[in-house]
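The values are calculated or read from the model by the stated rules, or taken from the named source; none is laboratory data. Remember, it's a predicted structure, so these values are computed and weren't measured experimentally. Backbone-built Cβ (ideal geometry, glycine too); neighbour counts: all protein chains shown.
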Amino acid sequence: MASDRWSLRNIYLYLVCLITLIMVIVAAVGFVRAIVDIAYPDPGYVSYVESIPTDVNGDPVYTEEQWAKYQADQKAATAASTRRYAVLTLVGNVAMLLIAGPLYVYHWKKIEVEHADKSEALTGAKV
């Protein structure tokens, strides 16, 4: 009976279940993290350049309006990039959940069916 439980097939089924369960856990954590990143995005990095950049002669490169628009554009680009990365991460984690979840369920049911069949065979033989 112990050798039947640790047959090559059962070891394979248990290993697949272990790996897919780990994949489901990792994907679930990544999914939650991506949702949080979308709902509460990173505020971006603050530019520490307080003054308008100057050229070699010391003349300002931008007007104050241009500099403010440039900083706002940089902040918007950073926010868009962060949002895009969070959405891509979310999609990747959903895909992993949709692939690993059913694989886990399928293999675990195979283990349960085989275990139930062996239990029935043992109890039926003793009667």
* To do: Give the residues of region 14-28 that are crowded, with 17+ Cβ neighbours inside 10 Å and of a type outside the set (Gly, Ala, Ser), sorted by residue number.
  => Val16, Cys17, Thr20, Met23, Val24
* To do: Being among the aliphatic types (A, V, I, L, M) and part of a helix (DSSP H, G or I) is the filter; apply it to region 103-127 and report the residue that is surrounded by the fewest Cβ atoms within 10 Å (Cβ to Cβ).
  => Ala125
* Structure fact -> Out of (1) more than 35 Å from the chain's Cα centre (by Cα); (2) at pLDDT below 85; (3) among the charged types (D, E, K, R), the one Lys75 does not meet is (1)
* Report yes if Pro53 is under 27 Å from Ile22 (Cβ atoms) and either loosely packed, with under 15 Cβ neighbours inside 10 Å or at pLDDT 85 or above (or both), otherwise no. => no
* Selected residue (only one of Ala34, Ala68 is in a helix (DSSP H, G or I), in contact with a helix residue (DSSP H, G or I) (Cβ under 6 Å, 6 or more places away or on another chain) and of a type in the set (Gly, Ala, Ser)) -> Ala34
* Asked: Can you spot a residue in region 112-123 that is in contact with a Ser or Thr (Cβ under 9 Å, 6 or more places away or on another chain) and more than 28 Å from Ala28 (Cβ to Cβ)?
  -> no
* For region 29-46, state whether one or more residues are exposed (fewer than 13 other Cβ atoms within 10 Å of the Cβ) and under 30 Å from Arg5 (Cα atoms). => no
* To do: Could you grab the pairs with beta carbons closer than 8 Å, sequence gap of 6+ or different chains, first residue in region 80-102 and in a helix (DSSP H, G or I), second one among the basic types (Lys, Arg)?
  => Thr89/Arg33
